[in-house]
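Read the structure below first, then the notes.
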Amino acid sequence: MPILILYASEHGTTAEIAERLSSRIASQLPPTEVHALSDIDPTTLPNYTAIILGSAIHGAAWLPKATNFLTANKNALLQKPLFVFSVGAPDAMPKLLRGWWKRMEERKIKEKVEKVLGTKVKGEALFGGKLDEGEVGGCVSCCCGMFGGRTVGDFRKWEEVEAWADEVVGVLKKPAEGEGEGVEGESQRGLAD
Ligand SMILES: Cc1cc2nc3c(=O)[nH]c(=O)nc-3n(C[C@H](O)[C@H](O)[C@H](O)COP(=O)(O)O)c2cc1C
């Protein structure tokens, strides 16, 4: 059965990261499938070995379509080893705020996911994304610009994406206690404890 990578994206960066995760994982544990949340039939979730769910971050939270999917399909998702990732732009913040902002987002998203599921997931990550001209406007743009932040930029670090893909593979390959193969262990990258 394939490993499923699902994503919620507004401007395409989360989709690209999902594709990169997929190809890296497929090079070690094929097959994989990648789908936008809007393109998956939730009744097919039992057909996958493991599920990796990712969302772009807006307003320091997952996109509503990702949170809604998590809530609506909680029971099916919990039957599988579940990993989550987020794609945001904390590196666009002014330098002084960057670390604090990233940790705040990590904590907030982790708490929300665990609250919806009622349990921890097998692994989590927050990756840098991309901001194109005109995507972020108004107050956010103005404040970032004034205090040394950026409103345009590519903050992706592909080596971090691939390293997390390798961690996911490691977790999935690790035998569960008392079983021949399984999913014990956790893979955390960039998300606060
Ligand atoms: C309207 C808007 C709001 C955003 N808000 C946040 C935010 O609160 N925190 C953050 O880390 N990134 C934020 N971002 C940055 C996006 O998460 C980042 O650009 C990401 O790469 C977008 O992914 P996507 O291309 O898949 O939509 C925002 C971007 C936009 C366009």
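The values are calculated or read from the model by the stated rules, or taken from the named source; none is laboratory data. Nothing here was measured: the structure is a model prediction, and the numbers come from that model. Neighbour counts are summed over all protein chains in view; Cβ atoms, including those assigned to glycine, are modelled from backbone coordinates with ideal geometry. Protein only, heavy atoms only, side chains kept; ligands, DNA and RNA dropped before computing areas. Shrake-Rupley method; radii C 1.70, N 1.55, O 1.52, S 1.80 Å.
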Determine whether E159 is at pLDDT 95 or above, within 9 Å of the ligand (Cβ to nearest atom) and not aromatic (F, W, Y). no
Might you check whether a residue that is at pLDDT 95 or above, within 13 Å of the ligand (Cβ to nearest atom) and within 18 Å of the chain's Cα centre (by Cα) occurs anywhere in region 109-120? yes
Can we say T67 is loosely packed, with under 15 Cβ neighbours inside 10 Å and of a type in the set (S, T, Y)? no
Identify, please: which residue in region 38-63 is among the β-branched types (V, I, T) and more than 8 Å from the ligand (Cβ to nearest atom) and is, among those, nearest to A165 (Cα to Cα)? I52
Test of understanding: among G178, G149, which residue is modelled with pLDDT under 75, more than 10 Å from the ligand (Cβ to nearest atom), open to solvent by 70 Å² or more (accessible area, probe 1.4 Å) and of a type in the set (G, A, S)? G178
Considering residues of region 8-27 that are under 23 Å from K173 (Cα atoms) and open to solvent by less than 70 Å² (accessible area, probe 1.4 Å) only, the residue farthest from the ligand (Cβ to nearest atom): A26
Subset tally (residues that are part of a helix (DSSP H, G or I) and crowded, with 17+ Cβ neighbours inside 10 Å) for region 82-107: 7
